[in-house]
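The values are calculated or read from the model by the stated rules, or taken from the named source; none is laboratory data. Quick caveat, the model's predicted, so the values are computed rather than measured. Cβ sites come from the backbone with ideal geometry, for glycine too, and all protein chains shown count toward neighbours. To get the accessible areas, we keep the full protein, side chains included, count just its heavy atoms, and leave off ligands, DNA and RNA. Shrake-Rupley method; radii C 1.70, N 1.55, O 1.52, S 1.80 Å.
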Amino acid sequence: MRYIGGGGDADAGQWASVLDVARVGLGEEGIGNSRGGRFRADWGASLVPSLNSASVQAPARTWKLREHPAPMPLNAHGGDTHAHAPATAGERHERVLGETFDWQAMNDALLASPVEPDATKQAQVTVTTNASTVDTEGTNTTKAGAVVPVIAPQVVVAAPQAPAKRPLPKNAYVTKVYGHDGDTWDRTSIRGQRLLDWSYAGYGAGERPIPSVPQACNVKVDYGAVGDGVADDSAAFLRAISETYSGAIYIPPGRYRLSVQLTIVRSGVVLKGAGRGLTTLFFTKSLTDLYGQTWSGEFADGGAHSDWKNAPGEYDSDSAWHSDWANAPGLIRFLGPTPDTWRPLANVIANATRGTRSLKVDNSSAFSKGQWISLSQDAAENDLSLEFDLCNRDKCPYGVCIPSGPGGKQLRWHSRLTDILPDNTLVLERTLPFNVSTRWGPIVHEYMSGISEVGIQGMTLEMKWQAYDGHFKEDGWNGVEFTDTSNCWATDLKILNADTLVSVYRSSFCTVDGVVMGVTQTRGKWAGAKDCHHGLNVSSSQDVLFTNWDMQMICQHDITVFNHTVNVVVANGTGIDVSLDHHRFYPYGVLWSNISLGAATRWFVSGGHTPWGFLAASFNTFWNVTAKSGPLMLGPPGWDMGSKINFIGMPFDPSVKTFSTNNAMWLEWYREDVPSELQLYPGELYGSMLGVRLDARAEAAAAVQAAALKATQAAAAKAVEAAAAKAVEAAAAKAREDATAGLTLSGAMQAARDAMNARG
């Protein structure tokens, strides 16, 4: 089964949130874990407390629940990780906006338009004898031609189980685009469908839990850190990082003053605290304090940024300069090798369409089944055809567009290979989320891992309090940065007084889970001023997961997706007044799932320079995104939002007219409202998709295992049959031999009697 933790009338003892369980019996291919919250319900009532740390039996599956702290309360109608009030009657109802606009008819048209034997019993073998069998007593026990039953060793083969759908709770609303546990959505071919496959987002492609990394050292015991909040522990931390080649650097409870930037450049190195609120790293110097400030963000040519050294880069259209440290780097950096180390393996020599699962290359000799590969595309300078294709449009929203910056424009994506065909065709495990064209120089690389298996967990990061000077005037009180990394994580963190709190750049399969963001006191310099620049920021990355986050401050951009991101998931979050910042440069296929926006007065407020194109590209999806209370009064920003956007289960107020315009029809937006008396099922889409895929994976593995066991059983039965036939033949031969011997003895005795009679 897919999830646990259902609500309504579903048996709470059977189901739990897919992010809070570890699958038993999948070997190393487990299921992504989720720290920082109690068992998340997909919708409805939360799990009963008595299930903590218990094993729960679901149909044909065994799940093991894990206990986590709960940084965010469950809401009044269960399940969500935020505390907004349940909708009242009239707040969530189907609406037709505009006097002549038939939204439902448009939805239906969009969906209809083309785009692209009992093996558990003992086996019985029968053998037909060729001769009578005589036992040692001379009794004829089996006559010739009789049937001899031979019982083979018992081999139990479990028949593959069909996916067990989760029982629908009462009052569940099932969507047309996804259905009940995905039964109207085909993850193996997304052509013509509205929803991408987001199930690969996060550490280990969602298939493995974040590991418990063995401790390599202790900063107190091994390097003399004090952790009393007074002594400067910078030297101890720098030594620990320098001398640790793999493993966890354990930071015991304490308050550690640091006046340096910490940079990790090796795979397998983890910063591990005792838990947020127990271990605190207190940074006393900003990046400006450490390295100075050159205000390098000048517009030398009035449009192109002159310095992209601080990934993820962006520039301001409203000022002639900005801070060197507006976005990154972090005061804690995980920094991998630059793109010039990527290893190309083959050129793609034929176009491929979104939703297909193969690539034709010029040489397939470097590939093998099961191998992870990376695909890149990068159109020539000033060629915007790639961007237009991502947007399903042939022109810019403002009449003029510029390409993204060096190293940022390159579109990347990753998949395992399931086969390599003789004609140099690579068969992909995943369906292509976008089109591939030889015009854009597609290359298949060895997987772009950068540094991997790195992370930070279980601590509070606190910056020295300083008032926030404003947009692009940041001093560089930046938190955690992942650049050129893969399979990385930041979990169970609290970050205070930062300018940019977490940034992920040019990375893949990373999880940011259970992060609380806030201030020790308001940083804004005037009433209504912001506290920070970016909360969570992802750029030029793929399959990144932000989940279980709590935004307890107001940033210029709370959650940012930027610059050719693909398949990013932002889920299970809440905040005071959250902005979902689509920062232009074509973020593609972003899923926003199960989010409480708080006041919801700025949720579509986005940044980015207008010549960077649409705020978003295509197939970005909003699923169960709601206000803390009441309907959403703010609609999406017209045609600038991008095309083929999905709005599912969002309670817009009838006064919101954005959907009733020609822009919505031109951009092929899709909207599906939930009636006020029902609740969206599933309430969290990513977890459902992950469960569907892992179930399919487990069922495929079970089918292979069943086939292998059946073959073994057949071989065993054949061997038993052969042994039985041999035994019968041997018995028959022995009987013939005994019979011959008996006749010989009888003849000899008769001859002796005849001789004696002759003498007599």
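Structure notes:
- With respect to being open to solvent by 10 Å² or more (accessible area, probe 1.4 Å), within 30 Å of residue 269 (Cβ to Cβ), modelled with pLDDT of 95 or more and not polar (S, T, N, Q), residue 463 falls outside the description.
- None of 274, 248 is of a type in the set (A, V, I, L, M) and open to solvent by 10 Å² or more (accessible area, probe 1.4 Å) except 274.
- The set of residues in segment 556-567 being open to solvent by 10 Å² or more (accessible area, probe 1.4 Å) and not in a strand (DSSP E or B) is empty.
- Tabulated pairs, segment 597-622, first farther than 14 Å from residue 554 by Cβ and at pLDDT 90 or above, second open to solvent by less than 20 Å² (accessible area, probe 1.4 Å) and among the hydroxyl-bearing types (Ser, Thr, Tyr), C-beta under 6 angstrom, 6+ apart or interchain: 617/586; 617/588; 618/643
- Selected residue [modelled with pLDDT of 85 or more, surrounded by fewer than 13 Cβ atoms within 10 Å (Cβ to Cβ), in a helix (DSSP H, G or I) and of a type outside the set (D, E, K, R)] from 715, 755: 715
- Residue check for residue 226: within 20 Å of residue 498 (Cα to Cα) and either over 30 Å from the mean Cα position of the chain (by Cα) or at pLDDT below 95 (or both): no
- Set 607, 528: member being surrounded by fewer than 24 Cβ atoms within 10 Å (Cβ to Cβ) and under 21 Å from residue 641 (Cα atoms): 607
- Number of the condition not met by residue 680 [criteria: (1) open to solvent by 30 Å² or more (accessible area, probe 1.4 Å); (2) modelled with pLDDT of 95 or more; (3) in contact with a Gly (Cβ under 8 Å, 6 or more places away or on another chain)]: (1)
- Flag for residue 216 being modelled with pLDDT of 95 or more, aliphatic (A, V, I, L, M) and touching a Cys at 6+ places or on another chain (Cβ under 8 Å): no
- Being surrounded by fewer than 13 Cβ atoms within 10 Å (Cβ to Cβ) and aliphatic (A, V, I, L, M) holds for only one residue in 366, 352, 380, and it is 380.
Residues checked against (1) open to solvent by less than 10 Å² (accessible area, probe 1.4 Å); (2) under 27 Å from residue 270 (Cβ atoms); (3) among the acidic types (Asp, Glu):
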position	(1), (2), (3)
549	yes, yes, no
554	no, no, no
569	yes, yes, no
582	yes, no, no
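- The single residue among 656, 674 that is modelled with pLDDT of 90 or more, in a loop (DSSP other than H, G, I, E, B) and more than 21 Å from residue 551 (Cα to Cα) turns out to be 674.
- Residue 289, sole failed condition from (1) modelled with pLDDT of 95 or more; (2) touching a Gly at 6+ places or on another chain (Cβ under 7 Å); (3) open to solvent by 50 Å² or more (accessible area, probe 1.4 Å): (2)
- Verdict on residue 649 being of a type in the set (Gly, Ala, Ser) and closer than 25 Å to residue 507 by Cα: no
- Selection of segment 633-651 for residues being closer than 27 Å to residue 471 by Cα, open to solvent by less than 10 Å² (accessible area, probe 1.4 Å) and of a type in the set (A, V, I, L, M) yields only 641.
- Among the residues of segment 400-416, those that are modelled with pLDDT of 80 or more and surrounded by 20 or more Cβ atoms within 10 Å (Cβ to Cβ) comprise 410, 411, 412, 413, 414, 415.
- Test: residue in segment 318-333 that is open to solvent by less than 60 Å² (accessible area, probe 1.4 Å) and in a strand (DSSP E or B): yes
- In segment 174-203, residue modelled with the highest pLDDT [restricted to those that are out of contact with any Leu (no Cβ under 8 Å at 6 or more places or on another chain), within 19 Å of residue 644 (Cβ to Cβ) and open to solvent by 20 Å² or more (accessible area, probe 1.4 Å)]: 184
- Residue in segment 382-399 that is more than 30 Å from residue 498 (Cα to Cα), of a type in the set (A, V, I, L, M, F, W, C) and at pLDDT 95 or above present: no
- Test set (1) aromatic (Phe, Trp, Tyr); (2) farther than 22 Å from residue 378 by Cβ; (3) at pLDDT below 95 - residue 562 fails condition number: (2)
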